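The values are calculated or read from the model by the stated rules, or taken from the named source; none is laboratory data. All values derive from a computational prediction rather than experimental measurement. We place every Cβ from the backbone using ideal geometry, glycine too, and count neighbours over all the protein chains shown.
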Amino acid sequence: MVVVFVLIGVFCCGSAQAQGGGGELLGRVVKEGAKKDAVSLSGLNVSGQNGQLFLTTLKRNLELSGWFQIAGAGAGGGITVNGSAADTGGGVQSNCRVTWGGGQSFTWARASQGTAEVRRQAQELVDEMVRRIRNETGIATSRITFVNRMGSNHAELYVCDADGQGMMQITQDKVALVGPRWAPNKKDILYTSFTKGYPTVLRHTVGGARKTVANFKGLNTGGAVSPDGTRVALILSFEGNPELYVLDYATARVIRMTNTPHGVEASPCWSPDGRSIVYVSDTSRSPQLYLLDVASRQSKRLTYTGSENVNPDWSAKGEIAYATRRGGGYQIAVMDPAKGDASARILTGAPDRSEHPSWAPDSRHLVCSDGSTLYILDTLGDPAVRLINVAGSWISPDWSK
Amino acid sequence: MDMRFAVVANVALACVLLGLSTGCSKNKKSDGEYVIPTGAVDIENPFGDGMGLDGIPVGAIGGRFEDMCDRVTDITFAPIYFAFDSYALAPQEIAKIEQVARHLQSNSRHVLVIEGHCDIRGSNEYNLALGENRALAVRTHLVHLGVGPERIQTRSFGSEKPAVAGTGEAVWRLNRRGEFALYQK
């Protein structure tokens with residue numbers, strides 16, 4: 001509870017600062033809402049192309065972390081990174097010491113080969129700094145999966161790093177694809193695919209094979225793996241109309257969790273403790289969020305404000321982000337499920353028509369789509385950052401966590 | 001395996017085999033637990049590559065007309081249109097469904113897949129479920145008109161396969177639809 005109050009307090013201050021600061025929204029990283037510690041990189045000597053790539057990646061990910069800003073040339077920073085990042089011909093060798101308040105420090109030494117690994121090494125250093133200095137979970141080594149809607153019955157799956165780099169197309173199916181979700185192993189992505197001409201749920205290991213999770217008669221969608229990896233939430237209609245089910249690998253059972261003959265369910269998302277699922281149902285005649293207690297199979301309605309409330313995503317720290325329709329388009333809202341949507345706050349500074357929020361592993365940032373591109377939002381008030389600069393219909397982002 | 005679950009699975013099996021799955025579900029569903037009748041369950045690969053949840057509950061998987069039958073493309077039917085966020089059948093759409101029913105009744109080798117669609121607005125994940133309910137609403141009416149339920153399957157494309165590109169109600173109303181795809185056994 002205390003944590004939530006603190007967050008709200010900081011968020012309010014952050015918003016006020018953001019308005020005063022008037023940060024630039026698009027293109028480059030401008031993060032000036034929440035308070036940050038200055039990091040001086042002037043003592044980091046880099047050499048060659050890979051050294052530069054290491055430095056560029058380090059800077060961008062330090063800024064995107066939301067906890068740091070890069071100190072200008074000559075200016076001192078409360079945090080210093082001293083040492084070297086040397087091009088080894090095809091890779092980089094980094095040796096540095098990170099020092100901060102009160103003489104605390106840690107050393108860092110890594111060698112890596114290949115462009116992706118050079119970037120990865122810098123991202124790992126950023127996450128280490130976030131963990132050691134701020135005692136928070138970093139986001140630099142996490143990844144985002146998303147969909148490019150390319151035409152009628154044609155969408156493809158993509159993955160990129162949390163800094164928007166390293167974008168890869170994962171599927172080449174030339175059919176519709178809906179609702180990708182990372183499995184907690186951060187290697188597999190579940191999604192609804194029309195490769196067979198009708199919807200089935202597939203589990204796709206990035207860079208590897210894919211398997212069918214659900215192929216019942218009727219609708220198969222909504223695949224979401226539980227935090228412990230032993231269960232999958234699914235939306236299936238084999239009994240007559242779409243309902244929420246849990247496939248439990250441990251007991252080899254498929255268990256129906258809802259009974260709404262006149263409604264449909266969608267978008268299940270597990271709570272961090274795996275005991276609850278938040279999902280969309282239209283039993284009230286418009287899509288709203290409901291909360292399921294998995295053990296008792298009892299659901300209760302969570303949202304009452306807004307003509308539609310969809311796309312729920314549960315953070316590791318316990319807050320639910322969702323898209324709420326109030327007036328014309330959707331906005332991104334965040335709520336404490338224990339308090340319901342009377343406590344929800346709308347994230348300001350997000351683009352118009354933002355939808356499909358997904359939490360970063362730090363439970364602070366969110367990625368969302370405005371229907372054409374993806375943005376990173378900050379619940380502590382930093383301005384939105386555009387993630388993808390390539391033309392397309394980039395939708396349905398899901399952040400690994 | 002626990003007998004209780006075996007019984008439950010059999011009740012569901014009976015519903016499906018008798019073609020009453022929709023009827024059963026509307027009134028009284030089983031308690032909704034199904035045993036996966038495979039031996040060792042490997043979480044990483046529980047049912048074998050590409051096999052899905054074969055066997056549970058029997059009758060609920062496999063047997064898709066798309067996989068088993070030939071598509072009949074020289075006979076087409078007018079789509080059924082829906083209001084926004086609704087799967088209710090409008091009175092003016094009923095005659096089109098009656099025409100499909102008459103065709104199925106006089107062509108016993110033909111079976112039907114009803115394809116549910118939504119307009120582009122709103123959550124596409126929710127639209128996928130809404131499209132399924134639209135297809136099921138048409139299916140229920142065909143069953144009411146006397147077509148055997150085992151002859152009608154559904155698939156939803158949600159808002160992923162619009163008939164007409166663009167925005168505005170003139171476009172959206174043509175995309176909120178149920179389409180009929182005939183297959184021949």
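From (1) touching a Ser or Thr at 6+ places or on another chain (Cβ under 8 Å); (2) aromatic (Phe, Trp, Tyr); (3) under 30 Å from residue A:398 (Cα atoms), pick out the condition that doesn't hold for residue A:67.
(1)
Within the range A:185-196, which residues are in contact (Cβ under 8 Å) with a residue 24 or more places away in the chain and within 12 Å of chain B (Cβ to nearest Cβ)? Spell out how you get there, then give the answer.
Residues of the range A:185-196 in contact (Cβ under 8 Å) with a residue 24 or more places away in the chain: A:185-186, A:188-192, A:194.
Within the range A:185-196, A:185, A:188, A:191, A:192, A:194 qualify.
Given the condition farther than 27 Å from residue A:309 by Cα, within 14 Å of the chain's Cα centre (by Cα) and within 9 Å of chain A (Cβ to nearest Cβ), answer yes or no: does some residue in the range B:157-175 qualify?
No: zero hits.
In the range B:71-105, what residues are part of a helix (DSSP H, G or I) and in contact (Cβ under 8 Å) with a residue 24 or more places away in the chain? Break it down stepwise before answering.
Here is the first cut: in the range B:71-105, the ones part of a helix (DSSP H, G or I) are B:91-105.
Result: B:94, B:97, B:98, B:100, B:101, B:103, B:104, B:105.
Which of the strands (runs of 3 or more DSSP E) found entirely inside the range A:135-189 contain at least 1 residues meeting this: over 18 Å from residue A:203 (Cβ atoms)?
On the way: elements: A:143-151, A:154-161, A:177-182.
Ranges flagged: A:143-151, A:154-161.
Any idea which residue in the range A:295-337 is nearest to residue A:366 (Cα to Cα), counting only those that are touching a strand residue (DSSP E or B) at 6+ places or on another chain (Cβ under 6 Å) and in a loop (DSSP other than H, G, I, E, B)? Write out each step before concluding.
Step one: list which residues in the range A:295-337 are touching a strand residue (DSSP E or B) at 6+ places or on another chain (Cβ under 6 Å), which gives A:299-303, A:306-315, A:319-325, A:330-335, A:337.
Still in the running and in a loop (DSSP other than H, G, I, E, B): A:302-303, A:306-307, A:315, A:319, A:337.
Working: A:302: 21, A:303: 20, A:306: 21, A:307: 23, A:315: 9, A:319: 12, A:337: 17 Å.
By that ranking, first place goes to A:315.
Given the conditions (1) under 29 Å from residue A:229 (Cβ atoms); (2) away from chain B (no Cβ under 12 Å), report the number of the one that residue A:304 does not fulfil.
Here residue A:304 meets the rest and fails (1).
Look through the range A:142-172, keep the residues that are within 12 Å of chain B (Cβ to nearest Cβ) and in contact with a Ser or Thr (Cβ under 6 Å, 6 or more places away or on another chain), and return whichever of them is nearest to residue A:387 (Cα to Cα). If you could, list the steps in order and put the result at the bottom.
Here is the first cut: in the range A:142-172, the ones within 12 Å of chain B (Cβ to nearest Cβ) are A:147, A:149-155.
Restricting the remaining residues to those that are in contact with a Ser or Thr (Cβ under 6 Å, 6 or more places away or on another chain) gives A:147, A:149.
Working: A:147: 14, A:149: 17 Å.
Per the criteria, the residue is A:147.
Per-residue answers, yes or no, for (1) at the interface with another protein chain (Cβ under 8 Å from one of its Cβ atoms); (2) within 20 Å of residue B:156 (Cβ to Cβ); (3) in a loop (DSSP other than H, G, I, E, B):
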residue	(1), (2), (3)
A:198	yes, yes, yes
A:207	no, no, yes
A:229	yes, no, yes
A:239	yes, yes, yes
A:246	no, no, no
A:258	no, yes, yes
A:261	yes, yes, yes
A:267	yes, yes, no
A:277	no, no, no
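Could you say which residue among A:162, A:140 is crowded, with 23+ Cβ neighbours inside 10 Å and either acidic (Asp, Glu) or in contact with a helix residue (DSSP H, G or I) (Cβ under 6 Å, 6 or more places away or on another chain) (or both)? Show your work before the answer.
Numbers: A:162 fails: either acidic (Asp, Glu) or in contact with a helix residue (DSSP H, G or I) (Cβ under 6 Å, 6 or more places away or on another chain) (or both).
After ruling out the rest, the residue left standing is A:140.
Just checking, which of A:306, A:327 is exposed (fewer than 15 other Cβ atoms within 10 Å of the Cβ) and on the phi > 0 side of the Ramachandran plot? Can you show your working first?
On the way: A:306 fails: exposed (fewer than 15 other Cβ atoms within 10 Å of the Cβ).
Of A:306, A:327, the one residue that is exposed (fewer than 15 other Cβ atoms within 10 Å of the Cβ) and on the phi > 0 side of the Ramachandran plot is A:327.
Residue A:297 versus (1) more than 16 Å from the chain's Cα centre (by Cα); (2) crowded, with 18+ Cβ neighbours inside 10 Å: which is the lone unmet condition?
All conditions are met except number (2).
Every residue in the range A:37-72 that is of a type in the set (A, V, I, L, M) and over 21 Å from residue A:88 (Cβ atoms), please. Steps first, answer last, please.
Initially, the range A:37-72 is screened for residues of a type in the set (A, V, I, L, M), giving A:38-39, A:41, A:44, A:46, A:53, A:55, A:58, A:62, A:64, A:70-71.
Once the filter is applied, which keeps residues that are of a type in the set (A, V, I, L, M) and over 21 Å from residue A:88 (Cβ atoms), the range A:37-72 yields A:38, A:39, A:62, A:64, A:70, A:71.
Inspect all residues belonging to the range A:285-298 and state whether any of them is of a type in the set (Val, Ile, Thr) and within 12 Å of chain B (Cβ to nearest Cβ).
Residues of the range A:285-298 of a type in the set (Val, Ile, Thr): A:294.
Right, trim to within 12 Å of chain B (Cβ to nearest Cβ) and you get none.
Scanning the range A:285-298 turns up no residue that is of a type in the set (Val, Ile, Thr) and within 12 Å of chain B (Cβ to nearest Cβ).
For residue A:62, are the conditions met, namely being crowded, with 17+ Cβ neighbours inside 10 Å, over 21 Å from residue A:166 (Cβ atoms) and in the same structural domain as residue A:128 (by TED's automatic domain parsing)?
Working: crowded, with 17+ Cβ neighbours inside 10 Å: yes; over 21 Å from residue A:166 (Cβ atoms): no; in the same structural domain as residue A:128 (by TED's automatic domain parsing): yes.
Considered against the rule, which asks whether it is crowded, with 17+ Cβ neighbours inside 10 Å, over 21 Å from residue A:166 (Cβ atoms) and in the same structural domain as residue A:128 (by TED's automatic domain parsing), residue A:62 comes out as no.
Considering only residues that are more than 18 Å from the chain's Cα centre (by Cα) and modelled with pLDDT of 90 or more, which ones fall in the range A:343-359?
A:344, A:345 - these are the residues of the range A:343-359 that are more than 18 Å from the chain's Cα centre (by Cα) and modelled with pLDDT of 90 or more.
Is it the case that the range B:136-146 has a residue that's without any contact (Cβ under 8 Å) to a residue 40 or more places away in the chain and either part of a helix (DSSP H, G or I) or in contact with a Leu (Cβ under 7 Å, 6 or more places away or on another chain) (or both)? Outline the logic, then answer.
Going through the range B:136-146, the residues without any contact (Cβ under 8 Å) to a residue 40 or more places away in the chain turn out to be B:144.
Remaining after also requiring either part of a helix (DSSP H, G or I) or in contact with a Leu (Cβ under 7 Å, 6 or more places away or on another chain) (or both): B:144.
Yes, that holds for at least one residue.
For the range A:251-274, give me each residue that is surrounded by 24 or more Cβ atoms within 10 Å (Cβ to Cβ), of a type in the set (A, V, I, L, M) and modelled with pLDDT of 95 or more.
A:264, A:266
With A:313, A:362 as the choices, which residue is under 19 Å from residue A:245 (Cα atoms), in contact (Cβ under 8 Å) with a residue 40 or more places away in the chain and not assigned by TED's automatic domain parsing to the domain that holds residue A:234? So that I can check it myself, show each step before the final result.
On the way: A:362 fails: under 19 Å from residue A:245 (Cα atoms).
Going through A:313, A:362 in turn, the sole match is A:313.
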